[in-house]
1. R229 - would you say it is open to solvent by 20 Å² or more (accessible area, probe 1.4 Å), under 13 Å from the mean Cα position of the chain (by Cα) and on the phi < 0 side of the Ramachandran plot?
2. Residues in segment 268-284 that are open to solvent by 10 Å² or more (accessible area, probe 1.4 Å) and either in a helix (DSSP H, G or I) or touching a Pro at 6+ places or on another chain (Cβ under 7 Å) (or both): how many?
3. Determine which single condition G32 fails, assuming it passes every other condition in (1) open to solvent by less than 20 Å² (accessible area, probe 1.4 Å); (2) assigned to a loop (DSSP other than H, G, I, E, B); (3) under 30 Å from G176 (Cβ atoms).
4. Answer yes or no: is there a residue in segment 193-201 that is modelled with pLDDT of 95 or more and not hydrophobic (A, V, I, L, M, F, W, C).
5. Take G51 and tell me if it is open to solvent by 20 Å² or more (accessible area, probe 1.4 Å) and at pLDDT 95 or above.
6. Looking at segment 66-94 only, could you name the residues that are in a loop (DSSP other than H, G, I, E, B), modelled with pLDDT of 90 or more and surrounded by fewer than 16 Cβ atoms within 10 Å (Cβ to Cβ)?
7. Here is a list of conditions, (1) outside any strand (DSSP E or B); (2) among the small types (G, A, S); (3) on the phi < 0 side of the Ramachandran plot, and G58 meets all of them except one; can you say which number that is?
8. The conditions are (1) over 30 Å from M28 (Cβ atoms); (2) open to solvent by 10 Å² or more (accessible area, probe 1.4 Å); (3) outside any loop (DSSP other than H, G, I, E, B), and R243 fails exactly one of them. Which is it?
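The values are calculated or read from the model by the stated rules, or taken from the named source; none is laboratory data. Computed from a prediction, not measured in an experiment: that's the story for all the values here. Methodologically, a virtual Cβ is constructed for each residue, glycine included, from the backbone with ideal geometry; neighbour enumeration extends over all protein chains shown. The protein model used for the area step is the full one, side chains on, heavy atoms only, and it has no ligands, DNA or RNA in it. Shrake-Rupley method; radii C 1.70, N 1.55, O 1.52, S 1.80 Å.
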Amino acid sequence: MRQASTRIGAAPAGGGAPVASPSVRAAMDDDGAGLVLTRELARVLGEPHAGADGRHRGEPSPFGRGEAVGRVSAVCAVERLRPDCGSPGVSAIHKAAIAGAVAVNSLGIVVDQQADRAHHGGLDKALYVMSGAEARHWSRELGGIGPGALGENMLIEDDGAAGIDDVEIGAVLSIGPPGRSDHPGRGAEDRGSPGSDGILVRVTGVRNPCSTFARGMGRADWVELFSARDRVGVYLSVLAEGRVRAGDEVRVVSTAGHGVSCRRWFAHHDPRDARAVLAAEARGDCVIADFTRKYLLAAVDEPVG
């Protein structure tokens, strides 16, 4: 076990509470080499339906163009690196809330970092966002964690009926001050300017809970436990840079109309859904990230579960 030098449970710069969860506190200083995981990756290429059930249950995305998804309750960046037995040697999964306006560029929160760039971060995974309700559920399950402890860059609060996991794969969203009539990045003066208020993003796919995540939570069963609720959070690419802050509104700018939400795809990996999303891309109705496309292509010719 390698030891980290940063003090456990220090209050983050944004004023968040120290971590109370015993398993997460211990994981901050433990590289996880002794943790025998029950599963290392939630969705695995080569497994039938990548480990999902293969049959959707008629759950179309409820969000159309112009509709509000929710509001940002926290913007988070790495608070400390933890030792990790994976190849990078460290993990940046433990993040904490940042106060005020935070700059976002094409690679995500400017002051954030990822240790394993082969699987985390990059243009297609610039931001990882979660439902605020889901984060609170896991805080109760784990015994107390603050915003960012699950690796999320933003928490999105919704009305309780549907949230960020229910947005279509490939949808374009605006994140910015409530009530503005245009979306961030529309004007040439905003596009690519990290000083502008609000950003424009594309939903590129879902988180695939992995061994690094499990070691960060200090739970051998974490991949299966976190995946069981099917609301694993979504990745975003940044189309127009700017600044974000707590209180910003998340709104749908455009959707492809295929109806396949992030939650639905993660839960089922239904071949019919794979064909629908790929057809929408072929029509030019959306852009699909490579890390999502490989799972879509693998599902196309499978029998329906």
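1. no
2. The number of residues fulfilling the criteria is 7.
3. Checking G32 against (1) open to solvent by less than 20 Å² (accessible area, probe 1.4 Å); (2) assigned to a loop (DSSP other than H, G, I, E, B); (3) under 30 Å from G176 (Cβ atoms), the one that fails is (3).
4. Within segment 193-201, one or more residues are modelled with pLDDT of 95 or more and not hydrophobic (A, V, I, L, M, F, W, C).
5. Against the criterion (open to solvent by 20 Å² or more (accessible area, probe 1.4 Å) and at pLDDT 95 or above), G51 qualifies.
6. Passing the criteria: G66, E67.
7. Every condition holds for G58 apart from (3).
8. All conditions pass for R243, except number (1).
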